[in-house]
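> A single structure is presented below for examination.
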Amino acid sequence: MPADSRCTNFALLKVSSVRIPKVGARYIVPFLNEARLKIGILAVQGDFEAHATRLRELGAETLEVRTIADLEQCDGLILPGGESTTQLQFLQEEGLYDAIRNFANSGRAIFGTCAGAILLATEVKNPPQSSLRLMDMTVLRNAYGRQVASDVFFGPCKLKSGPMEMVFIRGPIIERAGNSLEVLAEYAGKPVLVQNKNLLAATFHPELTSDATVHEHFLQMASAHSAKPATA
Ligand code: GLN
């Protein structure tokens, strides 16, 4: 698909107010103004650049998120891979922990990959740690792949007809996925891509392959951000 047509797929209709000069009054009327989706990527550490590149190829605008003010400008958010303990500490120190929970509860889309998936889970093991507790699942840290060399597997995915390439780098296993989660992809009998309404989590790294399927799906979720929010 050419980049241009992808761009229009993810255009977002925004409603704003206009002032009519001759009358001088402010009329709050729906003013349809096509704007690109703006997707924030938590940029503490980890592979946030690869997500930004993929999203821009698909026609979205991207913003590195380090503060609550950054987050407030976004239509969707990616929590990238990295080290979930470090990321969690940063979220707590910067007040982003509560801000991201509010962002999710407002119906805006969040996609967590690997460490990001750990942050979204309700329960984290190996070792146990706190998390945002937004998706009803139990994850076991450091289960797939080595830290420096990645392991690549192929597994079925509901978002496409053929098998999906999955890069695992010390990713978590989703040991339990609650009934509120839809399993979109599996590897070795375990869920590796799960969704609950506006929330998406992958234990692998789709940003490190040439397959844009998962990011396209996330942008569709983000463009429907007025959807009813998920509850864990
Ligand atoms: N092992 C990391 C953690 O448990 C996640 C690794 C990754 O994001 N690739 O936080």
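> For the stretch 37-223, what value does the Rg/Rh ratio take when both radii are computed over Cα atoms and Rh is the Kirkwood radius, given to two decimals?
Here Rg/Rh amounts to 0.92.
> Okay, which of the stretch 193-217 sit inside 19 Å, backbone N to the point 7 Å along the Cα-Cβ direction of D151?
Flagged as within label range: 193-194, 202-209.
> Under 24 Å between C-alpha atoms is the cut-off here; go through the stretch 37-223 and count lysine pairs that meet it, provided they're at least eight residues apart or on different chains.
6
> Under a no-solvent Debye model with one identical scatterer per Cα of the stretch 160-203, what's log10 I(q)/I(0) at q = 0.28, 0.31 Å⁻¹?
So the normalised log intensities are -1.15, -1.29.
> Can you compute the label reach from Q89? Point 7 Å from Cα along the Cβ direction, backbone N cut-off under 16 Å, restricted to the stretch 38-74.
Only 44-46 fall inside the zone, counting backbone N under 16 Å.
Computed from the coordinates by the stated procedures, all read-outs in this text should not be read as laboratory data. Bear in mind the structure is a predicted one, so any value in this text is a computation, not a measurement. So basically every Cβ, Gly included, is an ideal-geometry build from the backbone, and we count neighbours across all protein chains shown.
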